[in-house]
Amino acid sequence: MNQESLITDEILLEELKKRIVRYKTALDDLNSLNKQLIEVNQKLSESEAMKSHFISNITNEIINPFTSILGLAKSITECNDESPERMKKMAAMIHREAFNLDFQFKNIFAAAEIEAGQIQPTISVVNIDELLSGLIEQYSREIQLKRLKPILDKVGDDGQPLLFKTDSEKLTVILSNLINNAINFNRADKTLTIRYQRTDDNYLKISIIDEGLGISQENQKIIYDRFRRLDNGINSINRGHGLGLSINKAYTDLLEGKLDVESKENVGSSFTVTLPEAQVLNNDYSEEGNEVFFGDEEIF
């Protein structure tokens, strides 16, 4: 074998080695992509399963109150004039079911708007004192049924109304979800505290504090997942599905704020909403804040 033939064989061998390495690299890349595809497919399957479960829960949460309302209304029509107390109790039950149904519809419509990318802030001057007092009044029956003690704690109260430029409708939805969860997952005969203030750097800070079940550190990582529901139900909009807190997260992000949670199992939870004050008004009337403002924020 001459020198020229020897060199050619060495080059060929070296080239074969390079091709084997490239083939192995390509095979590793292919296996990695295949693994990623399997993981994506698994996540899609889980997502579809969660969505199906979510839709099933929504259906129950809508149908059950409607069924109760129809049954109770029929019973009232069949009552005679000698049973006013029974009629009053049934009317109260109808009100509670209708209240829960209205609450859940608002969340469902909000989730639909978020999914469609149609949410925009509508800024007005909001009377935070009246907004919070109104929410406590709206939930008064649920609070009484659980024998909770509601506490409105205004930090640094100077006797003046706390007026704040923000989206009153979205803030109301955020707080309604938090108050609803705080009531549902609180222990009976405990306190429900709403602590709020305008901070020195002009932020609105509102904390909803309960003494209930609490949330584990692991579950705190998934409480804003729209299609998840924790075992203890903390992420439900009432008794059902994981929707309320995901809406809160989307609305808080829209208003350029943040939503924090501090929780300890079997001790309680504290959800805190912190919002910056908007700089521009695009709506003079704040229905939720129960005030009308014109021009230079003059109150009438």
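The values are calculated or read from the model by the stated rules, or taken from the named source; none is laboratory data. Keep in mind that what you see is a predicted model, and the values were worked out from it rather than measured. Cβ atoms come from the backbone with ideal geometry, glycine included; neighbour counts cover every protein chain shown. Surface areas here come from the heavy atoms of the whole protein model, side chains and all, with no ligands, DNA or RNA. Shrake-Rupley method; radii C 1.70, N 1.55, O 1.52, S 1.80 Å.
Exactly one of (1) farther than 16 Å from TYR251 by Cα; (2) open to solvent by 10 Å² or more (accessible area, probe 1.4 Å); (3) out of contact with any Asp or Glu (no Cβ under 7 Å at 6 or more places or on another chain); (4) at pLDDT below 95 is unmet by ARG187. Its number?
(3)
Of everything in the stretch 67-82, what is of a type outside the set (Val, Ile, Thr) and modelled with pLDDT of 80 or more? Give them in sequence order.
SER68, LEU70, GLY71, LEU72, ALA73, LYS74, SER75 - these are the residues of the stretch 67-82 that are of a type outside the set (Val, Ile, Thr) and modelled with pLDDT of 80 or more.
Which condition breaks for TYR203 when tested against (1) farther than 24 Å from ALA250 by Cα; (2) open to solvent by 60 Å² or more (accessible area, probe 1.4 Å); (3) in contact (Cβ under 8 Å) with a residue 12 or more places away in the chain?
Here TYR203 clears every test but (1).
Taking the stretch 91-125 as the region of interest, how many residues are assigned to a strand (DSSP E or B) and closer than 19 Å to ILE208 by Cα?
So the count comes out to 0.
Determine if the stretch 102-117 includes at least one residue that is of a type outside the set (A, V, I, L, M, F, W, C), under 16 Å from the mean Cα position of the chain (by Cα), open to solvent by 40 Å² or more (accessible area, probe 1.4 Å) and over 30 Å from PRO161 (Cα atoms).
yes
Which of the residues spanning the stretch 254-270 are closer than 20 Å to ALA111 by Cα and either open to solvent by 100 Å² or more (accessible area, probe 1.4 Å) or in a strand (DSSP E or B) (or both)?
Those that are closer than 20 Å to ALA111 by Cα and either open to solvent by 100 Å² or more (accessible area, probe 1.4 Å) or in a strand (DSSP E or B) (or both): GLU256, LYS258, LEU259.
Do we find that ASP153 is open to solvent by less than 80 Å² (accessible area, probe 1.4 Å), in contact with a strand residue (DSSP E or B) (Cβ under 9 Å, 6 or more places away or on another chain) and not aliphatic (A, V, I, L, M) in this structure?
Against the criterion (open to solvent by less than 80 Å² (accessible area, probe 1.4 Å), in contact with a strand residue (DSSP E or B) (Cβ under 9 Å, 6 or more places away or on another chain) and not aliphatic (A, V, I, L, M)), ASP153 qualifies.
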